[in-house]
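The values are calculated or read from the model by the stated rules, or taken from the named source; none is laboratory data. Everything numeric in this text was worked out from a predicted model, so none of it was measured. Don't worry about glycine lacking a Cβ; one is built from the backbone with ideal geometry, like all the others, and counts go over all protein chains shown.
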Ligand code: FRU
């Protein structure tokens, strides 16, 4: 299909569906969601000329995965986001099955996108090209075509370029699958973004004593934080253990030191970034004031996603809120970006025995629960959160099977911060030492009901809606 007819189809789909999608009571008030269709990974997250840009994997034509486009929002303040014209549509032979995930850099003052052109063949095989698109004077993106073809020794699963600048060179990490079906992260170098040299594998299944660690690693990200190099990646194919790797696919990080000259990353163990039911493919960027921000997809590519009720209204999935990440004692801490505090309205403070706490409206709210003791909380719908003094459980009914399922964290609890929107929860444990992100679909307005015989201290705010133009 030509680019124009594809763009027309996408536009028609938005015009036909956006009013119904916008009227859905589960539509978020301050999280980013697609106007219609399916959203997945955050792409091209950057602060460029002072303004934030966030692109996203988008199928505007259906609530299903398919040939992906890049949607685009921008924002001055991380609160009010504006829809920008669709950035990339799959129009060329080298991207015939989608403009897959990637990143953005500022090159010669211009916003420049690096993404994967994904090509599938009738026999089920595929290939991938890493491609470039540069912003033109009209704010559109001109594709300049592939800049790195499939390297030898890998299957067609080589994708998701994340690019950064270091000492007068550009560097790229790529997710990859080698011919023995092991997931890897590749490091590449370039002087001009157009010609790339493969330097080597810096991490992966079977490397650095990891043993079998997944058949494909998606969406790598590499950045410096507190004198360490952090590698984020999404290994696919890890077996679930009693208290970790409970989702279909994982997102996590390694802390290490990257040797750019020898293309090696000495790193420690893999730690999951989020313990909730829905979180995947996060991407980070550095802000002009030196913070590292992360946004993830509040979704997981598994069958359950197609049981979410928003599909009836023609849209599926949201992003997480933007989070500030720091490294404390070798572990990543995540906090909601400080800008979000501007959304707080009507603070309520309460102290007493949990059983005596009146119900709180948590549709678009922030609730801080300070306690070290056992309690449980009904969050509306079938979602419950409970702490028994040692284990924290987030429990719900699986949407596909109807059976109960849970996500867990273990430790000494002192504070929980629950950020809730019309259909999502992000639970920050102990100021961000762990996070649980999940979509949920309660009877609205959702109420939080606490139970327990111990004293708790509560702060509660309703959160103002952000205009997403
Ligand atoms: C992760 C992912 C990426 C790919 C994109 C396609 O969710 O599978 O590896 O680029 O989604 O939409």
Strands (runs of 3 or more DSSP E) contained in region 214-300 and holding at least 3 residues within 16 Å of the ligand (Cβ to nearest atom) and under 13 Å from the mean Cα position of the chain (by Cα): 216-225, 228-236, 280-286, 292-298
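For every residue, the table says whether it meets (1) assigned by TED's automatic domain parsing to the domain that holds residue 34; (2) closer than 16 Å to residue 6 by Cα; (3) in contact (Cβ under 8 Å) with a residue 24 or more places away in the chain; (4) in a strand (DSSP E or B).
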| residue | (1), (2), (3), (4) |
| --- | --- |
| 91 | yes, yes, yes, no |
| 97 | yes, yes, yes, no |
| 103 | yes, no, yes, yes |
| 106 | yes, no, yes, yes |
| 111 | yes, no, yes, yes |
| 116 | yes, no, yes, yes |
| 119 | yes, no, yes, yes |
| 122 | yes, no, no, no |
The one condition in (1) away from the ligand (no atom under 16 Å from the Cβ); (2) part of a loop (DSSP other than H, G, I, E, B); (3) modelled with pLDDT of 95 or more that residue 1 fails to fulfil: (3)
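Could we say that residue 21 is modelled with pLDDT of 95 or more, more than 24 Å from residue 157 (Cβ to Cβ) and either more than 16 Å from the ligand (Cβ to nearest atom) or not assigned by TED's automatic domain parsing to the domain that holds residue 318 (or both) here?
Numbers: modelled with pLDDT of 95 or more: yes; more than 24 Å from residue 157 (Cβ to Cβ): yes; either more than 16 Å from the ligand (Cβ to nearest atom) or not assigned by TED's automatic domain parsing to the domain that holds residue 318 (or both): yes.
So residue 21 fits the description; yes.
State yes or no: is residue 424 modelled with pLDDT of 95 or more and closer than 18 Å to residue 340 by Cβ?
On the way: modelled with pLDDT of 95 or more: yes; closer than 18 Å to residue 340 by Cβ: yes.
Against the criterion (modelled with pLDDT of 95 or more and closer than 18 Å to residue 340 by Cβ), residue 424 qualifies.
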Residues satisfying the stated conditions in region 44-66, i.e. within 26 Å of residue 173 (Cβ to Cβ), in contact (Cβ under 8 Å) with a residue 40 or more places away in the chain and within 16 Å of the ligand (Cβ to nearest atom): 44, 45, 54, 55, 56, 57, 65
The lone exception for residue 10 - which of (1) outside any loop (DSSP other than H, G, I, E, B); (2) modelled with pLDDT of 95 or more; (3) within 16 Å of the ligand (Cβ to nearest atom) it fails: (2)
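Here is a check on your reading of the model: is residue 346 surrounded by fewer than 19 Cβ atoms within 10 Å (Cβ to Cβ) and within 16 Å of the ligand (Cβ to nearest atom)? So that I can check it myself, show each step before the final result.
On the way: surrounded by fewer than 19 Cβ atoms within 10 Å (Cβ to Cβ): yes; within 16 Å of the ligand (Cβ to nearest atom): no.
Here the answer is no, as residue 346 does not meet what is asked.
Let's see how each residue does on (1) touching a strand residue (DSSP E or B) at 6+ places or on another chain (Cβ under 7 Å); (2) crowded, with 17+ Cβ neighbours inside 10 Å:
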position: 76; (1), (2): yes, no
position: 80; (1), (2): no, no
position: 99; (1), (2): yes, yes
position: 104; (1), (2): yes, yes
position: 107; (1), (2): no, yes
position: 112; (1), (2): yes, yes
position: 115; (1), (2): yes, yes
position: 119; (1), (2): yes, yes
Filter pass, residue 34 being closer than 26 Å to residue 120 by Cα, touching a residue at least 40 places away in the same chain (Cβ under 8 Å), part of a loop (DSSP other than H, G, I, E, B) and in contact with a strand residue (DSSP E or B) (Cβ under 6 Å, 6 or more places away or on another chain): yes
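For residue 60, state whether it is more than 27 Å from residue 365 (Cβ to Cβ) and under 19 Å from the mean Cα position of the chain (by Cα).
Numbers: more than 27 Å from residue 365 (Cβ to Cβ): yes; under 19 Å from the mean Cα position of the chain (by Cα): yes.
Criteria met by residue 60.
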Residue tally, condition within 16 Å of residue 142 (Cβ to Cβ) and away from the ligand (no atom under 11 Å from the Cβ), over region 67-89: 7
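Specify the residue that is surrounded by the fewest Cβ atoms within 10 Å (Cβ to Cβ); the eligible residues are those in region 124-133 that are touching a residue at least 24 places away in the same chain (Cβ under 8 Å) and away from the ligand (no atom under 13 Å from the Cβ). Spell out the reasoning first.
Filtering region 124-133 down to residues touching a residue at least 24 places away in the same chain (Cβ under 8 Å) leaves 125-133.
Filter once more, keeping what is away from the ligand (no atom under 13 Å from the Cβ): 125, 127, 132-133.
Details: 125: 10, 127: 17, 132: 22, 133: 23.
This residue is 125.
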Pairs where the first residue, in region 286-300, is over 30 Å from residue 310 (Cα atoms) and the second is within 16 Å of the ligand (Cβ to nearest atom), C-beta under 6 Å, 6+ apart: 292/284
